[in-house]
Amino acid sequence: MTPLKISRAGLAAGALVAAATLAGGVLIGRATAPEHAAPAPAGRKVLYWYDPMVPGQRFDKPGKSPYMDMALQPKYADEAGGGGVRIDPARTQNLGVRLATVERGLLPGGVAATGVIEYNERDLAVVQAKAAGFVQRVYARAPGDVIAAGAPLADILVPEWAGAQAEFLAVRATGDAALTRAARQRLQLLGMPPSLVEQVERSGRVRNVVTVSAPAGGAIKTLGVRAGMTVAAGQTLAEVNSLSRVWLNAAVPEALAGEVRPGQSATATLTAYPGEIFEGRVAALLPQADAASRTITARVELANPRGRLRPGMFANVQLAGTGQPALLAPSEAVIRTGRRSVVMVAGPGGGFQAAEVRTGREAGGRTEILQGLSEGEKVVASGQFLIDSEASLAGLRARPAQPEGDPHAGHAAPALLEGAGRIEALSPVSVTLSHGAIPGVGWPAMTMAFRLADPALARGLKVGDRVRFAFDQQGGPTVRRMSPEGQP
């Protein structure tokens, strides 16, 4: 091998070795570099370390996150804030956070629904042929025409009636009252209207052409008669539906079916007549629910004296109801995730805590709170999603929903859960404890904040003391008893 080739080979080999060494050094450096965390400020107690991207996982020492290439963040005892997050009041104002008070009041009753105007099927008149015959004339009617009572529909020639009328006139000429009476009755039994019998008797001439007229005014729904056609006895010639009263079929959500009853007053508004309110009453609740929309039909009867309400029109319906007393919060304060409903409760000093709630009815922009809040608590009505996100990143658990109001009013005292732990932070209203597992609620060993039922429970205790405590979860984990270990 020539010196030039050896030199080039040596350079290439050296480059490969250097690259491998550099790469190895980098890899080794990443694996063995010491993990440093920013020292905790003096006087602040670190409860645990966590990865902000995986806040549910907690670590007992600083280092790098096993999930992300970033350092673990400390959670300080004075940041627990009773199980919530604390935001500087200036930032709260910049975020546009608006608070509302949970209070008792009357939740407006009634049900809002939508509906469609339909014919009142109880006011349907059916026109039939009294005897077999032939249609001689029609009067230019069509389905959908609105006609008055007595309006002619068609002239029908009935051959059978001609012979019967001739016999009646012959018997009448004899002067025998009994036979005349029997012959007249036979004409009526053949289906002749009394007015036609009177015309025959008065004029003394056979009238075998009868004019069929509408027995009531309204809209022609069906018309089955045409000039020249043959009709049979009992054949339906037309159907006329009155428009003096109409039905409004309102689609009521299945969940609200229990609030609707026959006889309930109702009001309707239509876009065709802005500003006008049409009043009526619920005539019936139809027995079958719509499987597709999960609604039931409430049939409302409305007066329609001028015929302005036309079948097929769309209407908004309000079914009346009485207001019910309830614990109320703004509907905009409730965060619905699909699995649960949460509100952000405001505490003193800019603290906020997520609380699960069980909601009831909703009306007028307010929602009934069945469990989870007490009267007088402040909830976030605007900007709650930002605060909820901050609480989620911090891995904080929401306060569980419990019956609102005094947990002991009208109920047996709740059973207390017991545990032992070390005080990490202490204030007149809360205590942060590093406690062991509590099997009664399935909790593992952890560090968490509790509310103090009485500030006197903290008397004589300090950070670092080991205590035994008893708590319940009425309105959130609340310590009811606490004493140093070794004391009763």
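When the C-alpha atoms of the range 307-386 are aligned to their principal axes, what extent does each axis show, in angstrom, from largest down?
Computed over the Cα atoms, the extents are 64, 28, 23 Å.
So how much slack lies between Thr101 and Ala227, counting 0.36 nm per residue of separation and subtracting their Cα-Cα distance, in nm?
Length gained, Thr101 through Ala227: 37.8 nm.
Per residue, how large is the accessible surface of the range 298-358? Use a 1.4 angstrom probe and give square angstrom.
About 46 Å² of surface per residue is accessible.
Give, to the nearest whole percent, the P(r) tail of the range 173-328 beyond 27 angstrom, counting all Cα pairs.
Here the tail beyond 27 Å accounts for 54 percent of pairs.
Please compute the per residue accessible area over the range 171-263 with all protein chains in place, 1.4 Å probe, rounded to a whole number of Å².
53
On the Cα set of the range 198-258, report Rg and Dmax in Å, please.
20.7, 70
Using 0.36 nm times the number of residues separating Gln235 and Lys45, minus their current alpha carbon distance, what extension gain do you get?
Working: separation 190, 0.36 × 190 = 68.40 nm, distance 9.54 nm.
The Gln235-Lys45 span can extend by a further 58.9 nm.
Taking 0.36 nm per residue of sequence separation and subtracting the Cα-Cα distance, how much length would be gained by fully extending the chain between Glu362 and Phe134, in nm to one decimal?
75.7 nm
Taking the Cα-to-Cβ direction at Phe59 and at Ser195 and moving 7 Å from each Cα, how far apart do the two end points lie in nm?
Label-label distance for Phe59 and Ser195, simple model: 9.9 nm.
Label Arg202 and Arg281 with points 7 Å out from Cα along Cα→Cβ: what is the distance between them in nm?
4.3
Separation between the Asp176 and Gln288 pseudo-spin-labels, each 7 Å from Cα along Cα→Cβ, expressed in nm?
Label at Asp176, label at Gln288, 5.9 nm between them.
Provide the net charge surrounding Gly218, with neighbours chosen by a C-beta distance below 13 Å and charges set as Lys +1, Arg +1, Asp -1, Glu -1.
Counting the neighbours of Gly218, the net charge comes to +1.
Might you report the magnitude of the Cβ-based charge dipole of the range 307-379 about its Cα centre, with Lys and Arg at +1 and Asp and Glu at -1, to the nearest 20 debye?
So the dipole magnitude of the range 307-379 works out to roughly 400 debye.
For Arg481, Arg122, Arg308, what's the largest-to-smallest order of accessible area, 1.4 Å probe?
Details: Arg481 120, Arg122 145, Arg308 55 Å².
Largest accessible area first, the list is Arg122, Arg481, Arg308.
Within the range 210-279, what whole-number % of the accessible surface is contributed by carbon and sulfur, with the 1.4 Å probe and all protein chains included in the calculation?
Working: 1810 of 3270 Å².
Exposed carbon and sulfur together represent 56 percent of the surface.
How much FRET efficiency would the formula 1/(1 + (r/R0)^6) give for Thr211 and Thr114, where r is the Cβ-Cβ distance and R0 is 35 Å, rounded to 0.05?
Values: r = 44 Å, r/R0 = 1.26.
Given R0 = 35 Å and the Cβ-Cβ separation, E is 0.20.
The values are calculated or read from the model by the stated rules, or taken from the named source; none is laboratory data. Small disclaimer: the values here were computed from a predicted structure and weren't measured. All Cβ positions, glycine included, derive from the backbone under ideal geometry; neighbour counts span all protein chains shown. Just the protein is used for accessible areas: all its heavy atoms, side chains included, with ligands, DNA and RNA removed. Shrake-Rupley method; radii C 1.70, N 1.55, O 1.52, S 1.80 Å.
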